[in-house]
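This report concerns only the one structure given below.
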Amino acid sequence: MKNLILKIADRLEEYVCSLIFLVMTFIGFANVLVRYLSNYSFAATQEILLNGFLLLTVFGAAIAARRGQHLAVTLFADMLPAALQPFVRWFSVFLGVLLLVLSAWYCGEMVMNQRASGIVSAGLQVPSWYYSLALPLGFLMIAVRLVQGAIIEQKERAYV
Amino acid sequence: ETLRLSHNTSDTTSWHQGSEKFSELLNEATGGDLDVRIFANAQLSGGDQMKQAEMVGRGALDFVVTSAINVTPIVPEMAVFSLPYLYSGYDAVDATTSGAPGDRMKEIMAEHGIIVLAWGENGFREVTNNVHPIKSPEDLKGLKMRVAGPMYIDVMTALGANPQQMQWAETFSALQQGVVDGQENPIGAVIVPQRVYEVQKYITPWHYSYDPIFLGVSKEKWDGWDAETQVKVQAAAIEAMDFQIKVTREGTAAGLDKLRAEGMEVYEPTADELQAFRDATKEPFDKWSAKVGPELVELFQTSINGSN
Amino acid sequence: MFDFDTGTRMLILFGILLVIRVPVAFSLGLSSLFAMWQMGFGLDLVGDLLASGITKFSLLAIPFFILAGILMGTAGMADRMIRFFRVLMGSLPGGMGLVGVVVSLFWGAVSGSGPASVAAIGPMVIRGMEEDGYPKAFAAAMVCTGAALSIVIPPSIGLVIYGVIAEVSIGDLFIAAILPGVVMGALMLAALPFVRVQRAANKSSKLAELAPMPYGEFAFPKRVWLSFRDAIWGLMTPVVILGGIYTGIFTPTEAAVVAVVYALFVGFFVYRSLTISTLFDALTDAAASSAVVMLVVTFASLFGWVVTVDDVVGRYSEGLLALSDSQWTIMLVMAVILLIAGMFMDAVTIMFISLPIFLPVVRALEWDPVWFGVFLMINLAIGLFTPPVGINLFVAANVAKLSLEKIAVAAVPFLITSTLGLAIIALWPELTTYLLVWMK
Ligand code: NA
Ligand code: NA
């Protein structure tokens, strides 16, 4: 049981992203069909697609952080002496985490502002902060996976 | 001191001209002490037109020029202006913005941290399409119409059309390819400057919904000024927005001729035909009146009836 | 001595962060936050700017086209299409390269977004060219360049925005951009021979090993027919997408969703090659790949904000434009400014901040604004595949699983042909008016 929870926690964003992606595809396609075949329409398609896109971006970025996929220029760093490389590598991870934590902080402030002002979404008229809460959580998740990815990479290098 | 003013549209619109006028007048009045820098296209909020007002509300931006429709997500009462067929013409509009309804709206906006200095104009929203001239609600049956927000969805549904929400960026080619048949927007503010006439054949100036703009300042900033400065800012704002309204109304009048010259077919509905549209949109009118508050709607209607 | 303005300091910090291997997205974010802190203004807007930076509607097609591309690969549609093109054109010199250029131009006429085009055609074209013996990085660079022409060849979101800002007929712009777009595409062919030398040696063995030529026992027409029949579902994709857009059934963004549904349909019900497990992998891979691109776009929006508010482009442009009153020098200066801006920002932001400065100059020099729109769009298209910030490069690096630098270096020949194309449009402005005159 505990293992199962750990396993799910370990791949949480992969499940989240898959689900969001399928839902977005379904709603986007249904909107085309319904518009073409009938006189009805889904008023909230835009809103759901755009906010699904937001979730997909932050949680997808967490998947990519863990897999070490975020694009960087490695040309110059690779030219450094071997002894310096781990230092530069971890310094870069530190800067990434710093930015992500700051981003999470500022997005958290935005969520509080949105709660205070009571702003609602244009289509479904639900409080906007329901959607934007994904931002601070997502940025923290990316930071966690960035560190996890760097540790995995470090271990793999140790075997080489 | 340099202050920042943010607005939604490009630098070729009457919104921008009004903003520039304000900057000019204020600079003059304060002998250069207050300098207003204008940012078009909602650049300061990263292109998000809805966010500017909220940013002004919490003092992150100084001034904003935005339309009522764009602030309804924060201030739902602002939707009162655009209720279908609330207004019959410019006289009715001016009676409300210069009277008790305008003052009431200023109070409501102040509760959200925005001091409304003066009202300007985006204009009456008119309907265009590619299928046939729209003369009665029956002509809208089954047409796929691109609309701007939830209230317009209800209005178009009541008229028998098939409303679609779509980002403006995609609307131009969607109209061209026929993904949607038509759209609704003000002539002077959108249909002419955004070149909608290139992809639309018919227009009916049916005046079904009005959208005002306003020049607002953050309450935080406003309270920090002495009385003398407040008077100067207020005066500059009123003169600038009066100028903006004048430019917009001239542009709208010239706009219809321009649309004709560009090959659009203009159908100007009769009073009876307008009444038919008004009757057909009664249900969404009542639904959205209940949402913005019946007393507020009554305040507007009293003022409008007094202007006739 | 270090009396740089905030914008310049931001650019320097950005460069340093890139060099020490901080990912592009984070380098953009950190240098922008630094600049905002220095300006003493804007940090309280960061949350809002990040949120609106992510929810850019014009980019919504990217994740769907990436997903469709992965699904078409997993389902076996891409394999069958590559085989068909190999049977058809494999005997021509540079066969798949030619196919790649044609497909890129063809797709440009469907999509208005460069990165969405890379996502849509990249996986297939890159694999096809690779199996034909082209170096993978070269194939990826070619796709980046060809897909960049999506914003030149109509429909183009960029031209619509230019038309509105410059008050020029969007219909005229669309027609004017056709010939220059085709010329740019044709010039890409000139880059093909330069790479063939490297691949001549191992071509035949590699080809046979990677993708055995099907139906070898039949005569050519029969082989073409059989492989065509195999590939029909894949080949129908552009027909479905193009047909749907041109008959007004869906918008270009919705087309990306339709492409996903189509690939799912073929994969599950026609070829029966997709499973729940491969679908899950495709979904997570596509989510990660599009997020990598979108995270750069998100933090680049902070960067663009600082550049706008600090008026970096304005200050640099005014200084440079004041250098000379020769119209050729001014044109060159504009091109250089746009190319440099294109290294860091997206096309729409660049237009908003540079056009208020450029358009008065265009009017003063009495240049044709339609021609200038096309000239501008080609500049911006080049910016899509120049490092460090080139969205096309990012998508290509992702779908091809190659490093940014490799593709950027391989793109040099295409950068040369594109610059040549830009020069042709500059020296021969009639290229943009022939079709307009002919149609009127
Ligand atoms: Na295109
Ligand atoms: Na670039």
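Quick notes
- Span-like helix ranges in chain B, DSSP H, alpha carbon extent 18 angstrom or more, Kyte mean at least -0.5: B:227-261, B:294-307
- Rounded, prolate or oblate (a/c below 1.5 giving rounded, otherwise prolate when a/b exceeds b/c) for region C:98-176 by Cα gyration tensor: prolate
- Under 5 Å, built H, 5+ apart or other chain: amide partners of B:GLU126: B:ASN185, B:ILE187
- Counting Cβ atoms of other protein chains within 10 Å of each Cβ in C:140-153 and taking the mean gives 0.
- For the protein assembly as shown, the residue among C:THR419, B:LEU61, B:LEU26 whose Cα projects farthest onto the positive side of the dipole built from Cβ charges is C:THR419.
- Proportion of all alpha-carbon pairs of chain C beyond 42 Å (%): 15 percent
- Close amide H pairs (under 5 Å, H built 1.01 Å from N) link B:LEU143 with B:ASN162, residues at least 5 positions away or on another chain.
- Mean ellipticity per residue at 222 nm, deg cm²/dmol - from DSSP H runs of n ≥ 4 across chain B, formula -39500 (n - 2.57): -14500 deg cm²/dmol
- Chain pair C, A: total accessible area buried, heavy atoms, 1.4 Å probe, Å²: 5100 Å²
- Residues in region B:98-131 reached by a label modelled at B:GLU298 [backbone nitrogen below 16 Å; 7 Å Cα→Cβ]: B:101
- For the peptide B:53-60, the mean number of other protein chain Cβ atoms found within 10 angstrom of a residue's Cβ is 4.
- In Hz, Karplus ³J(HN,Hα) per residue of region C:279-288 (6.51, -1.76, 1.60; θ = phi - 60°; x = Gly, Pro): 5, 4, 4, 4, 5, 5, 4, 5, 5, 5
- 0 to 90° range, to nearest 10: angle between helix A:134-159 axis and chain A longest Cα axis: 30 degrees
- Solvent-accessible surface (1.4 angstrom probe) belonging to B:TYR152, in square angstrom, nearest 10: 10 Å²
- Per-residue mean of foreign Cβ neighbours for C:37-50 is 6 (Cβ atoms of other chains, 10 Å radius).
- Calculated [θ] (222 nm, deg cm²/dmol) that DSSP helices of n ≥ 4 give over chain C, each run adding -39,500 (n - 2.57): -24500 deg cm²/dmol
- The ellipsoid that matches the Cα gyration tensor of the protein assembly as shown has semi-axes, each √(5λ) in whole angstrom, of 45, 32, 28, with the longest given first.
- Cα shape, region B:238-299, gyration tensor, a/c 1.5 rule: oblate
- Per residue, chain A exposes 52 Å² of accessible surface when a 1.4 Å probe is rolled over the protein heavy atoms with every protein chain present.
- Among the listed pairs B:LYS106/B:LYS144; A:LYS2/A:LYS155; C:LYS136/C:LYS222; A:LYS7/A:LYS155; B:LYS258/B:LYS291, those whose Cα-Cα separation exceeds 27 Å are B:LYS106/B:LYS144; C:LYS136/C:LYS222; B:LYS258/B:LYS291.
- Cβ crowding within 10 Å averaged over residues, with A:18-25, A:57-64, C:20-27, B:300-307 ranked highest first: A:57-64, C:20-27, A:18-25, B:300-307
- Computed in the context of the full set of protein chains, the accessible area of the protein assembly as shown at 1.4 Å probe radius has 64% of its extent on carbon or sulfur.
- Sparse-neighbour loop sites [GluC sites (Glu not before Pro); region C:316-414; at most 14 other C-beta within 10 Å; DSSP]: C:GLU366
- Overall shape: prolate for chain B, with the ratio a/c of the largest to smallest alpha carbon gyration tensor axis at 1.5 or above and a/b above b/c.
- Taking every protein chain into account, the 1.4 Å probe leaves B:ASP257 with about 90 Å² of accessible area, to the nearest ten.
- Label-to-label distance, B:GLN275 versus A:PHE94, with points set 7 angstrom from Cα along the beta-carbon direction: 7.9 nm.
- Taking amide H positions as modeled 1.01 Å from N, with prolines and chain starts lacking one, the residues under 5 Å from B:ALA42 and 5 or more places away or on another chain are B:HIS7, B:ASN8, B:THR9.
- Helix content alone sets the calculated 222 nm mean residue ellipticity of chain A: runs of n ≥ 4 DSSP H residues at -39500 (n - 2.57) each, divided across all residues, give -26500 deg cm²/dmol.
- Two-site FRET efficiency, C:PHE280 against B:GLU250, from Cβ-Cβ distance with R₀ of 56 Å, rounded to 0.05: 0.40
- Full extension of the segment from C:ARG363 to C:TRP328, taken as 0.36 nm per residue of separation minus the current Cα-Cα distance, would add 11.1 nm.
- C:ASP172 sits with roughly 40 Å² accessible to a 1.4 Å probe, with DNA, RNA and ligands left out of the calculation.
- Simple spin-label estimate for A:TYR40 and C:ASP311 gives 5.5 nm between the two label positions (7 Å along the Cα-to-Cβ direction from each Cα).
- Relative contact order, whole percent, for region A:2-159 stands at 30, derived from Cα pairs under 8 Å and 6 or more residues apart.
- Cβ-Cβ distance of B:ALA110 and C:ALA219, R₀ of 60 Å, FRET efficiency by 1/(1 + (r/R0)^6): the value works out to about 0.10.
- Charge dipole of region A:2-159 about the Cα centre (unit charges at C-beta), most positive-ward option of A:VAL34, A:LEU54, A:VAL23: A:VAL23
The values are calculated or read from the model by the stated rules, or taken from the named source; none is laboratory data. Worth saying up front: this structure is predicted, and the values here are computed from it rather than measured. Don't worry about glycine lacking a Cβ; one is built from the backbone with ideal geometry, like all the others, and counts go over all protein chains shown. Only protein heavy atoms, including side chains, enter the accessible area calculation; ligands, DNA and RNA are left aside. Shrake-Rupley method; radii C 1.70, N 1.55, O 1.52, S 1.80 Å.
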